[in-house]
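Here, each number is a calculation from the coordinates, and none is a lab measurement. Being a predicted model, the structure only gives us computed values, none of them experimental. As a convention, Cβ positions derive from the backbone with ideal geometry for all residues, glycine included, and neighbour counts pool all protein chains shown.
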Amino acid sequence: MRRYASVVLDADSTIAGIEGIDWLAARRGAAVQRAVESLTARAMNGDLALEAVYAERLRVIGATGGDIEALAAAYDAAVAPGAADAIAALHAAGVTVHVISGGLRPALLPMTRALGLDDAHVHAVEPLADAEGRFTAAAPSPLTTQTGKLELLSALALPRPVLAVGDGATDLAMAPAVDAFAAYIGFVRRDAVVAGATLVLDSFAALVSHALSA
Ligand SMILES: [Mg+2]
């Protein structure tokens, strides 16, 4: 019944309809928002390496603990329709589900817990606070780099076959290590990602139909 033993999901613009770091930037005013959104879009479209922009985005934003909590609530409010049901259906079918995200882990965990995902299955970036308590840097992680999702996924050695699902160029980078890569276009359609994908999914209902119909 199940076509895959493991499913790997991106978070931003896949599980939830926001880009977390852009969302934080918007709290700093229009100029910061424009600058950060431009950097994010260029990285997700594959025009700019993520490592070239990751630290700069955090430094410019200078998020507080309160900002991170607010972002967690925003993720929770922006969950894709059907995502909770889809993850429950995958779990019920014995599929291992992991989240591999370039977002900030403390902001993602309330949402992923609500979706029934084990914290140990949520891989994301740990922000580091400076002396003033502002999260201006990230703990060293492959997930701050363009091909880091591939590196992390390979190290996990998940049960095969594996389906990876995401909207961005950093997700497509996992393609060599998975059995299928689905471009998720429920929130954003990026042509370069669609072009490299095995299949295209526009909803979590479509994900379940594909993953459990073999
Ligand atoms: Mg994404």
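Would you point out which residue out of L90, L128, L104, L50 is more than 30 Å from A195 (Cβ to Cβ) and not acidic (D, E)?
L128
From A26, A5, A31, A49, grab the single residue that is under 22 Å from M174 (Cβ atoms), away from the ligand (no atom under 14 Å from the Cβ) and more than 18 Å from the chain's Cα centre (by Cα).
That would be A5, the only listed residue that is under 22 Å from M174 (Cβ atoms), away from the ligand (no atom under 14 Å from the Cβ) and more than 18 Å from the chain's Cα centre (by Cα).
Tell me, please, whether a residue that is surrounded by 17 or more Cβ atoms within 10 Å (Cβ to Cβ), within 16 Å of the ligand (Cβ to nearest atom) and closer than 30 Å to G65 by Cβ can be found in segment 195-212.
Checked segment 195-212: no residue is surrounded by 17 or more Cβ atoms within 10 Å (Cβ to Cβ), within 16 Å of the ligand (Cβ to nearest atom) and closer than 30 Å to G65 by Cβ.
Out of (1) within 15 Å of the ligand (Cβ to nearest atom); (2) in a strand (DSSP E or B), what's the single condition that is false for T136?
Tallying (1) within 15 Å of the ligand (Cβ to nearest atom); (2) in a strand (DSSP E or B), T136 fails exactly one: (1).
With the condition kept exactly as written, say whether any residue in segment 58-80 is touching a helix residue (DSSP H, G or I) at 6+ places or on another chain (Cβ under 8 Å) and within 30 Å of M1 (Cα to Cα).
Yes, because at least one residue in segment 58-80 is touching a helix residue (DSSP H, G or I) at 6+ places or on another chain (Cβ under 8 Å) and within 30 Å of M1 (Cα to Cα).
Pairs needed: first member in segment 1-13, free of Cβ contacts under 8 Å to residues at least 12 places away in the same chain; second member anywhere, of a type outside the set (A, V, I, L, M, F, W, C) and not in a loop (DSSP other than H, G, I, E, B); C-beta distance under 6 Å; at least 6 residues apart or different chains.
Once the first residue is free of Cβ contacts under 8 Å to residues at least 12 places away in the same chain and sits in segment 1-13, no partner that is of a type outside the set (A, V, I, L, M, F, W, C) and not in a loop (DSSP other than H, G, I, E, B) comes close enough.
Which residue, of L172, L163, L158, is within 14 Å of the chain's Cα centre (by Cα), surrounded by 20 or more Cβ atoms within 10 Å (Cβ to Cβ) and not charged (D, E, K, R)?
The unique qualifying residue is L172.
Name the residues in segment 14-33 that are touching a residue at least 24 places away in the same chain (Cβ under 8 Å) and surrounded by fewer than 22 Cβ atoms within 10 Å (Cβ to Cβ), would you?
Within segment 14-33, G17, I18, R27, R28, V32 meet the criteria.
Take A173 and tell me if it is in contact with a strand residue (DSSP E or B) (Cβ under 8 Å, 6 or more places away or on another chain) and aliphatic (A, V, I, L, M).
no
Return the residues of segment 179-192 that are surrounded by 16 or more Cβ atoms within 10 Å (Cβ to Cβ) and over 16 Å from I15 (Cβ atoms); say none if nothing qualifies.
Result: A180, F181, R190.
What number of residues within segment 155-188 are more than 10 Å from the ligand (Cβ to nearest atom), touching a residue at least 12 places away in the same chain (Cβ under 8 Å) and part of a loop (DSSP other than H, G, I, E, B)?
10
Hey, among L108, L90, which residue is in a helix (DSSP H, G or I), touching a residue at least 12 places away in the same chain (Cβ under 8 Å) and closer than 21 Å to T144 by Cβ?
When all the criteria are applied, what remains is L108.
In this structure, does V36 turn out to be of a type in the set (V, I, T) and either closer than 19 Å to V208 by Cβ or surrounded by fewer than 24 Cβ atoms within 10 Å (Cβ to Cβ) (or both)?
no
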